[in-house]
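What follows is one structure encoded as structure tokens, with my remarks underneath.
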Amino acid sequence: MRVYDMRQKEIINISDGKRFGFIADIDIDEKSGKIKKIIVPGSGKILGVFGRETEYCIPWANIKQIGDDIILVDVDTEKIAEESK
């Protein structure tokens, strides 16, 4: 599967049903070439115009299934939320 194909799939948390949205970026291990985590932007501050308040960094190990239209993850939303710098 290509990264472009993954970016077209919506991320949904199976533990609470939260819809995170779509992948904005991917963190890759430079040595092994494997994906370490996917990064999904949080909701915008003011209609998304002035940047993002948080982003969700979801470890690859927490991805449970990749389907045709969605990617199912199992995460604690508060633990994966990181403040944008």
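Just so you know, all these numbers are worked out from the coordinates, no wet-lab data involved. In this text the structure is predicted, and so the values were computed from the model without any measurement. Cβ sites come from the backbone with ideal geometry, for glycine too, and all protein chains shown count toward neighbours.
Over all directions, how big on average is the projection of the convex hull of the alpha-carbon atoms in region 3-83, in square nanometres?
5.8
Using a cut-off of 10 Å between beta-carbons, work out the net charge of the residues near residue 26 (Lys and Arg +1, Asp and Glu -1, residue 26 not included). Present the calculation step by step, with values, prior to reporting the outcome.
Working: positive: 7, 36, 37; negative: 25, 27.
Once all neighbours under 10 Å are counted, the net charge is +1.
Taking 0.36 nm per residue of separation and subtracting the Cα-Cα distance, what length does fully extending residue 29 through residue 65 add?
Length difference between fully extended and current span is 10.9 nm.
Given a Förster distance of 22 Å, report the FRET efficiency between residue 8 and residue 81 from their Cβ-Cβ distance, rounded to the nearest 0.05. It would help to have the intermediate numbers written out before the result.
Details: r = 23 Å, r/R0 = 1.06.
For R0 = 22 Å, the calculated efficiency reads 0.40.
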